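The values are calculated or read from the model by the stated rules, or taken from the named source; none is laboratory data. No experiment lies behind these values; they were computed from the predicted model shown. Here the Cβ positions follow ideal geometry from the backbone for every residue, glycine too, while neighbour counts run over all protein chains shown.
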Amino acid sequence: MLRLLLLALVIVPPVLGGVGGYASYQDSYDSAIDAASAAAATAGENTARVLDKYLLVAARINDLLRGMNPAQIHAREKDIHDAMSQQIADVRDVAAAWVIDATGRELVSARIYPVNRDLNQSSRDDYRAFRDTDARTFIWVLRARNLASADVEPYVTVSARRTSPSGYFDGLVIVAVASSYFNSFYESLLASPDYNVDLVKNDGTILAQFPAPQSTDQLQLRDPLLAKALAAGGETGIADRGTPFDRAGRIVAVRRVADYPVYVAVERSKASIGNEWLRSSILVVAIGIASVIVLIALTRMALCRAHRETTALARAAEAFADRAALQVQVHRMQRLAGVALLTTGMAHEFNRLLTTAQDNIRRLEAAIKDVDAGQQSFIAALRDSNNQAAMLIKRLLGYAWREPVKPRPIDINQAVAHALEQSRQFADPVPSEVRLQKDLWLSCVDPDQLMISLLNLMFNVRDIFPETSKLLIETMNIRVDTSDVGGLPEGRPGEYVRLFIESPESATLLDADKNASAEPGKGGWPSLSLMHELAQSVGGYWLVNSKPPHETTISIYFPRYLSDLNKAEHNPIRDKSDAVNSLI
């Protein structure tokens with residue numbers, strides 16, 4: 001659970017943060033669109049009032065000239081000049097005002113006296129619009145020299161049509177305003193560097209721009225979105241493109257200025273919207289990250305503590321298991337010590353009997369020296385059997401008191417053959433079928449212990465089933481792979497010499513519920529205990545399979561002796577293996 005919590009702390013906060021951040025940015029984007037629309041509406045309303053003011057100035061100048069023909073205006077040029085100057089003096093942003101007659105000649109000016117009547121202005125766009133159409137007003141942009149600074153700069157002109165008493169075109173009144181006036185006007189109106197403002201005619205002519213471009217030689221549309229919005233027509237509109245990560249990403253809000261063929265476009269980059277969102281979200285993000293880091297640290301500490309506790313519990317359980325195993329070993333050693341004492345007592349009694357028998361055999365030999373050779377061979381066989389019995393008792397005493405194991409490279413086939421020969425020296429030998437593999441690998445085993453273990457096993461079978469008992473003894477070279485180890489509880493991969501023993505009639509002694517009784521120190525057959533300890537002493541292992549009422553099989557795996565790659569000296573027992581591959 002702590003690992004899942006740690007994983008959730010790593011994954012969930014970024015996911016939730018991403019979803020929340022996207023929703024927050026979308027709110028900021030919607031707010032930016034609303035703000036741009038509102039700014040465009042405000043700029044349009046104020047621009048309409050400004051243009052209305054300029055047309056009012058033009059109307060007042062037109063009233064000064066009402067009822068006068070060009071000759072009369074020429075005659076009174078000075079008075080009209082002074083009156084026009086007074087008219088525009090009250091409007092500080094008006095740069096100039098002048099009047100053009102029906103022929104395109106200048107009649108009078110508010111800034112210049114006297115005017116140059118030879119200057120023909122019939123090529124002006126506003127003049128031709130009034131002459132060729134019935135337009136009442138005209139807004140235009142031109143570049144002219146500033147009378148005060150002598151610099152050439154763009155001017156926005158608002159022109160009004162003059163009509164004669166008979167209703168014909170009689171010239172026009174022009175009021176000029178510096179384009180920079182609109183820049184300062186929009187700057188004070190918006191009070192934000194994130195916005196761009198364009199004042200545009202419906203034909204795409206730029207009248208003014210904020211911020212002002214570095215070069216005013218020719219004002220151009222900044223963004224194709226604006227041209228797209230103008231082409232769509234209508235009173236208002238919103239257009240956007242790109243993403244916050246794209247320098248060209250932006251939104252444009254367009255608003256028509258009253259009934260004039262003029263539009264105000266308020267533009268804002270999406271990057272500025274993203275930056276504003278970041279500035280507003282950075283505190284929340286910082287707090288969230290700090291909180292997640294603290295939670296991850298606390299979870300990590302809890303996970304480490306749980307790991308330490310789990311490790312401590314595992315070590316405690318392991319120590320408890322080791323202690324229980326040690327107690328079992330102590331009990332086993334105590335039982336084996338008791339068995340060793342009993343075996344020693346019995347062995348000494350047998351030794352006493354064998355010593356008496358040996359003395360009697362010697363006396364018998366001394367008493368019948370002159371008997372025939374057949375009787376002498378009989379006495380020799382009796383003496384040899386007595387010596388072999390004494391040797392077995394000695395080995396049994398050595399095993400009971402755990403004399404040091406003396407393993408050496410041997411041929412298991414030879415040890416099996418010797419054990420069979422020894423078993424035939426006793427009454428009622430155990431019938432055995434022997435299958436010995438030729439060229440059997442050498443294995444490092446104590447031969448005396450192996451022979452005692454085999455003999456004990458044979459005697460156990462004979463004593464329990466004296467009439468029907470039979471053993472199958474088989475040797476084999478075998479390689480155990482990694483895939484085979486799963487079925488061998490104590491096994492390891494490697495090369496082994498396997499000693500296989502099968503006793504069909506003895507299965508009832510080792511049924512599935514009593515397999516544990518075959519383990520050393522837990523009862524069962526003493527011979528099985530000897531076999532198990534012998535295998536363990538040389539680094540091998542064993543398996544006991546019981547399938548009541550059919551059979552019991554014992555497999556003992558002795559590690560292969562590899563020091564000389566089994567290039568042993570000639571072994572006569574191995575050569576005679578075919579002789580014992582039969583029912584004895």
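Quick look at the values:
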| item | result |
| --- | --- |
| Some residue of the stretch 72-92 being over 22 Å from Ser159 (Cβ atoms), touching a strand residue (DSSP E or B) at 6+ places or on another chain (Cβ under 6 Å) and in contact (Cβ under 8 Å) with a residue 40 or more places away in the chain | no |
| Flag for Arg332 being among the basic types (Lys, Arg) and at pLDDT 80 or above | no |
| Val266 being in contact with a Phe, Trp or Tyr (Cβ under 8 Å, 6 or more places away or on another chain) and at pLDDT 80 or above | yes |
| Some residue of the stretch 363-378 being part of a loop (DSSP other than H, G, I, E, B) and modelled with pLDDT of 70 or more | yes |
| The lone exception for Val177 - which of (1) within 24 Å of Gly67 (Cα to Cα); (2) touching a residue at least 12 places away in the same chain (Cβ under 8 Å) it fails | (1) |
| In the stretch 98-149, residue farthest from Met68 (Cα to Cα) [restricted to those that are among the aromatic types (Phe, Trp, Tyr) and part of a strand (DSSP E or B)] | Trp140 |
| Filter result for Ala97 (in contact with a helix residue (DSSP H, G or I) (Cβ under 8 Å, 6 or more places away or on another chain) and within 18 Å of Arg145 (Cβ to Cβ)) | yes |
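The rows are residues; the columns are (1) on the phi < 0 side of the Ramachandran plot; (2) surrounded by fewer than 21 Cβ atoms within 10 Å (Cβ to Cβ); (3) among the small types (Gly, Ala, Ser).
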residue: Arg76; (1), (2), (3): yes, yes, no
residue: Asp82; (1), (2), (3): yes, yes, no
residue: Ala89; (1), (2), (3): yes, yes, yes
residue: Trp98; (1), (2), (3): yes, no, no
residue: Ala102; (1), (2), (3): yes, yes, yes
residue: Arg105; (1), (2), (3): yes, yes, no
